[in-house]
1. What is the calculated FRET efficiency for B:His210 to A:His53, with r their C-beta to C-beta distance and R₀ = 56 Å, to the nearest 0.05?
2. Rounded to the nearest Å, what's the spacing between the alpha carbon centres of the range A:657-691 and the range B:227-266? Just the number, please.
3. At 1.4 Å probe size, with every protein chain present, just tell me what the per residue accessible area of chain A comes to in Å².
4. I'd like the Karplus ³J(HN,Hα) series for the range A:649-664: coefficients 6.51, -1.76, 1.60, θ = phi - 60°, whole numbers in Hz, and an x wherever there's a Gly or Pro.
5. At a Förster distance of 30 Å, what's the computed FRET efficiency of A:Ala197 paired with A:Ser448, Cβ-Cβ distance as r, to 0.05?
6. Sort out for me the Cα centre separation of the range A:78-121 from the range A:178-250, rounded to whole Å.
7. As a check on your grasp of the helix formula, calculate [θ] at 222 nm for the protein assembly as shown: sum -39500 (n - 2.57) over DSSP H runs of n ≥ 4, divide by the residue count, round to the nearest 500.
8. Say we join alpha carbon atoms closer than 10 Å with springs in a Gaussian network model of chain B; which of B:Ala92, B:Ala196, B:Ala208 then has the biggest fluctuation?
Amino acid sequence: MKFSYNWLNALTDGPRQSPQELSNLITMKTAESEGVEPWGEAFPQVVVARVEHAELVPDSRIVKAEVDAGPLGRKTVVCGAPNCRAGLLTAFVPPGVTVDGKEIREATIRGVLSQGMLASGSELGINKDYEGILELSGVNPGDPVPGCEPDFIIEIDNKSLTHRPDLWGHYGMAREVAAITGSKLVDPVKIELVPEAPCPFEIEIADGKLAPRYSGLLVENVTVQASPLWLQNRLSSIGLNPINNLVDITNLVMAELGQPMHAFDADKLRGNTIYIRPATEGERCLALNDEEYVLTPANVVIADQGGPIALAGVIGGKESAIFEGTTRIFFESANFQASNIRRTSSALKLRTDASMRFEKAQDPENTVRALARALELLLEVCPDARVSGGLGDVYYPVPAPAPIHLPHAWLERKLGRAIPREEVKRILSSIGFGVAESADGLVVEVPSWRATKDISLKDDLVEEVGRMVGYASITPQPPHTPAVPPHENHEHGQHRQVRGALRALGFTEVYNYSFVTEKQVAAFGFPSAELVHIANPIAAELAFMRPSLLPGILQNCEDNLRHFDEFQFFEIGREIHAREGHGQLPVETNFLAVVHCTKADGDSHLYALKRVARNLFNGARLEPEAALAHEHPFRAARVDWQGETIGRFFEFHPAKLEARAAVLYVNLDQALRLQPGIARYTPLRRYPTSAFDLSVVVDRREYSGKVQDAIVRHAGDSLVDIEFLRVYEGAPLPEGRKSLSYRLVVGALDHTLSHDEVTSVRNQVIAGMEAEGSELRV
Amino acid sequence: MTAFESMEASLREMEVSAKEQIEACNSPEALEEVRVEVLGRKGKLAQLSKNMGTLTHEQRGSVGKLLNQVKGVLETAFDAQNQRFATAVLQARLEREWVDLTLPSRGPRRGSLHPVTLIQTEIEDVFRSLGFTVLDGPEVETEYHNFDALNIPPHHPARDMQDTFWMTNGTLLRTHTSPVQVRGMKQLGPPLRMIAPGRVFRNEEVDASHEHTFYQLEGMMIDRDVSVAHLIYFMKTLLSEVFKRDVTVRLRPGYFPFVEPGFELDIQCLICGGSGCPVCKQSGWVELLPCGLVHPNVLRLSGINPEEWNGFAFGLGLTRLAMMRYGIDDIRHLLGGDLRFLRQF
């Protein structure tokens, strides 16, 4: 929302601040200013000039004009405007002045030296009219262009005004400024201008909740024309387009008082009753923006006998709009339910200056004030206009909120500083609150413009006092509360540990997006019942929440292979799996993916990664298992730990990735649950152990894990340790066979094993293995 | 010359000549030969001592003393020469073992953690030391937790402040970490000190400074008589820890439906110290985090009596903080998975 510095000053009376100072004060006390921009910096250098003589430059459509620029003297100017003619009073921009982003210079055009520029309204920035140069009257050459005063525009972040319906107009902001700077608020409204007489139009509100108030005024004998320049300039300065005097007045009142207004051509209204009612199903309304909207009973319309003439609180209707020939107008100034306007405006995808204000919950007390102000302005631009009858006004007042009891000690405790009671009274009164003393504090009455939504609790008043007294006046204070150790977050502890270990082992942490594409879903074959669908995805193809980290991980491999031949990385993130039912939250589970990716051929560092897996999950076992679609069919296993399967260990299927990538993929939440407790220490052996080696010859594809398990089983209790030594293939072994060698360490807790005892264990293992059909190379 | 005199002379002569021999040796082997020849069981010294039988008792004592003296001198000489050889051998080995320590090392290179992880861990530690519990919440949330329970009813214009991703089943991606406040209050009850770091989502176009996925850290303290002064204290402490220096903060009004009063907290620009620079857009201040006293409606909706308890809450942009700290100028790097970027942390 843009605020004019001049306008704010006109609405306050007292000490003045520079625009920048004012902007800072508003930021610190009221709402966030995004900065100050000058407006019309060139205006003081632009003067009125009279065209004394105009002739076409031969073979062109441009005019060579001799102008009288008052004290600046007579100038020759080349002008392309069709309305440049002798006798015209217009705006002259001398060389060296910048308008419309361009510095005007003396220049020779078609052999004519042009000593400046005759300007259109759009070149000066005061309207959008670029058809011709300004046409002025009642002024003399050398005068400043009337109504064109330089200004400063303070732009306030709309988000910071969400809760303040009153700040959607200059008057509301002026009230804040007055309170901040200690100046006096000047009310621009002369309420007595509204005549007390019956209105020729009847007003019928169908539902006082949807439309608490509708006020209107019939005005006759108006002339539609361009607004005076001051009005056009004022609207343009805050980003509103001047259209014609009647529309401009409604916009100016809206920008001043925050009250949106509308002007109907009264001659186009059918019948003499204005209905404010829900639309009927399928009812249509052709709006001022030339769009036809199809409505439902959830939308409120303004209608006459023949049907909708406006979408309440959003936009006027085309058919009842004023045009050049309008002479009778019906001014509407109404109040609508905020949530209904918001619903309608978002359903129709139509946000207007009016709907933006109404959805903040405007003050119903403001409607007649706006009519009075509009009437005053109308009489200024159309002195012959007169009100027909008087005010039409139907009002279903919302019950006034109860006064708020504000205990003083409570206020001080909340703020964390002492504050004199008189100061609190002064602050609250300065922004329009009614204040009365009570035994332990104040009883505060909320003004109507703050009561619609913003303020209803004593907590709300803490902010009013706090911001005005200034938060900088509060000294930081540590709280007086007993120190209690925080609850442990075991998940975070686990993640931290995993991250620390992986960093030490040379892995880089990545974060991937939570979204996956349909293509990824198909490639990994995720079951669609488990997918969480996004209704409004960032891009049409990114419509699912990731049910696995693997698509992201695969993408990381592909992307980074462009820069590296070999790399290792990991991600901790959530798998998201849908649960059936409307409003059901999905299951979110923390997973860990650890990846070693290389362009080199070979085992793709599967064994190095296996070591990492066992480093993270001590004693974890890889159990070969049928590979999933994205896994290398002969390089895939499940990861077993603490008696459960916690994940997968595999190489990506070569069809998925050209390079090799070994992947450890583990359910961290499950692993956390399985985390063993604190282990007790094992006493050290007092008697020496003995060792012997064994080699077992098996099929090439026999798993050593299985062989080792069998050896361990046969060795029994005296086995202290078993170490894999080597695998051998080749002569003298037959084709398709391999030899696995192990070193067994045996011993007893209470004595040193004798030679015979060791031999007996060895024989026991050999016999056992042979009984199971293994061939031993002893 | 008496036998006694000749023995004495031989001993002295041998001492001189043997010493010369020892010093002339240029290998441990030659030295050993000399040692056997002189000090061995059948060596010169032993031979001489055999002749002692021809001497008187008195002479024997005197020669014996001399003999031991010579033996001692020669043994010392042998040891010294041996030591020289050992030193030379060691020296030669050391020389041979020269290596180039500037060659690159093998084994895994240093890994790295994500910049958001780094800053999040640090902030968690600060808050844990202040007695705050770290909580997590779901990324897919209910409308109730994300909005209604935070005093943002349906059709409240504040819903516009956050563009929301909606799921087809009516749930949504949390637009802030604030719903964890609600879960924390219900789970732990008052008094409560909690933070909730995590991933949040807004349906926004992505460019160098906007992401649809980013990280926040929510904080909340509920106790008796929590004041604005306490809030400022915690924020100042936190930010001084994060930025490793004393920071100046200021509060100004800010609107967030779940707090009342609500603030925007600015810190004095760390680049220019407040005098104005491009980073702070010449204002001397950088907007850092929204905060405020918890709205009584929010407490009530989570079953806490606002007449008895109150508190403060704040939301910290972890992504933004990480970008500030590491000077990251493009937010898209953070979830881009490019190891050239990620390895730098």
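1. Calculated transfer efficiency: 0.45.
2. 45 Å
3. 45 Å²
4. 9, 6, 10, 4, 4, x, 6, 8, 9, 5, 7, 9, 9, 8, 10, 10
5. The pair A:Ala197/A:Ser448 has a calculated efficiency of 0.75.
6. Each part reduced to its Cα centre gives a spacing of 37 Å.
7. It lands at -9500 deg cm²/dmol.
8. Between B:Ala92, B:Ala196, B:Ala208, it is B:Ala92 that shows the largest mean-square fluctuation.
The values are calculated or read from the model by the stated rules, or taken from the named source; none is laboratory data. Owing to the predicted nature of the structure, the values given are computational and were not obtained by experimental measurement. Every residue, glycine as well, gets a Cβ built from its backbone with ideal geometry; the counts of neighbours run over all protein chains shown. Side chains included, ligands, DNA and RNA excluded: accessible areas come from the protein's heavy atoms. Shrake-Rupley method; radii C 1.70, N 1.55, O 1.52, S 1.80 Å.
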